[in-house]
Amino acid sequence: MTDAAVAVERLEKTLGKNRVLQGISFEAKPGEIFGLLGPNGAGKTTTLRIICTLLSRDAGTVKVEGFDTTTEPQEVRRRIGVVTADIGVYPRLSARENIEYFAKLCGLMDGELTRKVDAVIERLDMGSFAKQRAESLSSGQKQKVAIARAIVHDPEVLMFDEPTSNLDVLASKEVREFMVEAKGRGKCVIFSTHVMHDAERLCDRMAILHHGLIVASGPTEQVRGTERDLESAFLALVEA
Amino acid sequence: MNAAWIVFQKELMEVLRDRRTMMAIGLAALATPLVLFVISEVSTQTATQTYTVGYSGEIPTGLAILLQATGLKLKAVADPAAAAVKQVDLGVAFLPGEIDEYYDPTRQSAQIADVRLQTILGQYDAAQAAAALKNSGIDPGILTPIKLVGHPLSSPVQAASNAFLSFFLPYILITMILTGGFSAALDSSAGERERRTLESLLLTPAPRSRLLLGKIGAITVVSLAAAVVAIGSMFVALTQISLPGSSSHITLSPAAVPVMVWLALLIAFSFSSVSLALGTLAKNFRQGQAYVTPLYFITILPASIILFIPDFNPNLAYYLIPILNAVLVLRDAIVHNSVSWMALTVTSLSLLATGALSWFAALRLFTREALLTK
């Protein structure tokens, strides 16, 4: 029995003719930020999509909080929250209605629904625009809506897939702060990025993916090794 | 709360705030009375229009009065054949014991004037013959040895109304159900991909079949709302205007009302499933429009059959063809005020099967990986 919130073992996936994942394994634990690093096309997003049950796996096992992603996908979805770079919100619903919609689909009702939606709006400082239609919100505000709807049901595992790539400096800072705060509350945070600077600052442990294989993994300091920074270590690994 | 109900409520809320869909429903309400008004005006104008007959020679006694009473205005011309090309609607040369008629069949006004002239001349000849026989002491009744007495089994006025409704009502019903739900269906399927909300929706624990059910339910309601608005405005308009062949206002036969409501529900469910399945194939709203638009032409065709073949009496196998079957059942209910239960059953099963197959297709498309990876 492992204490991992997310356990990936010998995971394989082929999309079309492209063998995207070639037997990767890693574990992410509660109370840590686990980085999934790699260049574009390395297989980061595919890995996250398999973990969150959007894609099936060809081989290997993936468990979230002990639940298998293939045989118990609904139990897995109850326990995860996903924030992606693509900020998709319903433009004709207000920020609050967007959050409420996803909260209801996650099974929250009546008093609990109102309480949790209010709490997440306050926590992300969204009070000033909660009643505004999403179509009139800025990118940063939309990203807050995306985060709010991903965490409103208080999942144990949070996955961030390049969450800051479309955001300005201030909005990016808020997202990073949120990840640190979530880690502090004992959540397992998986952070997929190709921005080495962010990864170095935030991640406790990480795995570096390249061509569907993990080329390095472990605590951030260990992956950096003797190189001057993570970016140098990363370049050395992928160019090797 | 059931996930399907949550999705249903949210989709309806979005539709109510969507200008595109609301405008489509509003236009449906306005367009139907407008079309009826134009039909009424054109038919009234055609019926009361006066046509000019250019003539030469001496007009037989009494014929001029008859012609003018039928809306044929007489005008003396030097050459009736030349005048009939453009100057007048019909050219007539009155010769001793003969009338030469000149007209251009490509002109509609010439065709109508020709029919009127033929009718009047027929009546004039009969009257002349009857008068001559009477003067000679012979009973004019010998001209009609077999007398025809007509006994219409239904009101000719109601028959004309029914003939109009049997085409127009299925046409409005089908087009409005289809077009009314178009925008909502695409917004709910291709729109989710375009807005990049689909992934978040699929990440919720709600079963995908329930998500889809909620969407189809909302689209069905929007489609039906569009049809109700269009048909409602049509009947309001029909209380204000009269149509060709109908001196009184048009009413729907009692049998047609429940049949129409039942068929509307089935068609709306089928169309919602089909358009949602097609929309799910599309990456964005525009691509979705390209996929769904041909559906409009495919479905309008059966409705048009009633226009071109009003007495089309098919065998039961024809009732297996979706949409055509609904049009036929509705036509029978309107024209004959009766329903063939066998035809209605086959039609219902056919439409339900179409809806169910489309639902499964939509579900398969909605759960395929390519939805997120392509």
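The values are calculated or read from the model by the stated rules, or taken from the named source; none is laboratory data. In this text the structure is predicted, and so the values were computed from the model without any measurement. Cβ placement follows ideal geometry from the backbone for every residue including glycine, while neighbour counts extend to all protein chains displayed.
Quick notes on this structure:
- Options A:A146, A:A85: the member that is within 27 Å of A:F26 (Cα to Cα) and touching a Pro at 6+ places or on another chain (Cβ under 8 Å): A:A85
- Residue check, A:L93 among the aliphatic types (A, V, I, L, M), assigned by TED's automatic domain parsing to the domain that holds A:L124 and touching a strand residue (DSSP E or B) at 6+ places or on another chain (Cβ under 8 Å): yes
- Any chance A:E12 is more than 11 Å from every other protein chain (Cβ to nearest Cβ), in contact with a helix residue (DSSP H, G or I) (Cβ under 8 Å, 6 or more places away or on another chain) and either at pLDDT below 95 or under 29 Å from A:E239 (Cα atoms) (or both): no
- Each residue in region A:1-35 was checked for being more than 15 Å from the chain's Cα centre (by Cα), outside any strand (DSSP E or B) and either not acidic (D, E) or not assigned by TED's automatic domain parsing to the domain that holds A:E65 (or both), and 5 of them qualify.
- Residue within region B:301-320 that is in contact with a helix residue (DSSP H, G or I) (Cβ under 6 Å, 6 or more places away or on another chain), of a type in the set (V, I, T), free of Cβ contacts under 8 Å to residues at least 60 places away in the same chain and assigned by TED's automatic domain parsing to the domain that holds B:S273 present: no
- Residue in region A:36-44 that is assigned to a strand (DSSP E or B) and of a type in the set (G, A, S) present: no
- Residue satisfying all of: in region B:313-323; more than 19 Å from B:I174 (Cα to Cα) and surrounded by 11 or more Cβ atoms within 10 Å (Cβ to Cβ); modelled with the lowest pLDDT among these: B:P314
- Filtering A:C203, A:C188 for residues that are more than 12 Å from the chain's Cα centre (by Cα) and touching a residue at least 40 places away in the same chain (Cβ under 8 Å) leaves a single hit, A:C203.
- Within region B:168-185, tally of residues that are within 19 Å of B:L363 (Cα to Cα) and within 13 Å of chain A (Cβ to nearest Cβ): 1
- Some residue of region A:113-126 being among the aliphatic types (A, V, I, L, M) and within 20 Å of B:A3 (Cβ to Cβ): yes
- Of everything in region B:186-228 that is polar (S, T, N, Q) and assigned to a loop (DSSP other than H, G, I, E, B), the residue that is farthest from the other protein chains (Cβ to nearest Cβ) is B:S189.
So that you can scan it fast, the table gives a plain yes or no per residue for (1) in the same structural domain as A:F234 (by TED's automatic domain parsing); (2) closer than 18 Å to A:L158 by Cβ:
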site	(1), (2)
A:T69	yes, yes
A:F102	no, yes
A:D110	no, no
A:K116	no, yes
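- Within region A:30-67, the set of residues being more than 12 Å from chain B (Cβ to nearest Cβ) and basic (K, R) comprises A:K44, A:K63.
- Close pairs (6 angstrom Cβ cut-off, 6 or more residues apart or separate chains): more than 7 Å from chain B (Cβ to nearest Cβ) in region A:104-118, surrounded by 14 or more Cβ atoms within 10 Å (Cβ to Cβ) and in a loop (DSSP other than H, G, I, E, B) anywhere: A:K116/A:L108; A:K116/A:V152
- Which listed residue is touching a helix residue (DSSP H, G or I) at 6+ places or on another chain (Cβ under 7 Å), at pLDDT below 90 and either surrounded by 14 or more Cβ atoms within 10 Å (Cβ to Cβ) or more than 14 Å from chain A (Cβ to nearest Cβ) (or both), from B:T48, B:T44, B:T61, B:T21: B:T21
- Residues (within 22 Å of B:A4 (Cβ to Cβ), charged (D, E, K, R) and in a loop (DSSP other than H, G, I, E, B)) located in region A:79-112: A:R92
- Filtered residue count, region B:60-85, keeping only those that are part of a loop (DSSP other than H, G, I, E, B) and out of contact with any Phe, Trp or Tyr (no Cβ under 6 Å at 6 or more places or on another chain): 9
- Residue tally, condition of a type outside the set (D, E, K, R) and assigned to a loop (DSSP other than H, G, I, E, B), over region A:45-64: 5
- Top-ranked residue of region B:71-80 - restricted to ones that are surrounded by 15 or more Cβ atoms within 10 Å (Cβ to Cβ) and within 19 Å of B:T119 (Cβ to Cβ), ranked as nearest to the chain's Cα centre (by Cα): B:L72
- Selection from region A:119-139 of residues that are in contact with a helix residue (DSSP H, G or I) (Cβ under 9 Å, 6 or more places away or on another chain) and either assigned to a helix (DSSP H, G or I) or within 9 Å of another protein chain (Cβ to nearest Cβ) (or both): A:V120, A:I121, A:R123, A:R133, A:A134, A:S139
- B:L30 vs. criteria surrounded by fewer than 16 Cβ atoms within 10 Å (Cβ to Cβ) and either part of a loop (DSSP other than H, G, I, E, B) or in contact (Cβ under 8 Å) with a residue 12 or more places away in the chain (or both): yes
- Restricting A:I99, A:I87 to those that are modelled with pLDDT under 90, within 27 Å of B:L16 (Cβ to Cβ) and within 13 Å of chain B (Cβ to nearest Cβ) reduces the list to A:I87.
- From A:L209, A:L202, A:L158, residue being crowded, with 19+ Cβ neighbours inside 10 Å and closer than 30 Å to A:L105 by Cα: A:L158
- The residues of region B:81-113 that are farther than 18 Å from B:L63 by Cβ and surrounded by fewer than 17 Cβ atoms within 10 Å (Cβ to Cβ), listed by number, are B:A81, B:A82, B:V85, B:K86, B:Q87, B:D104, B:P105, B:T106, B:R107, B:Q108, B:S109, B:Q111.
- Restricting region A:68-84 to residues that are touching a helix residue (DSSP H, G or I) at 6+ places or on another chain (Cβ under 6 Å) and either farther than 13 Å from A:R49 by Cβ or of a type in the set (A, V, I, L, M) (or both), the residue that is nearest to the other protein chains (Cβ to nearest Cβ): A:V82
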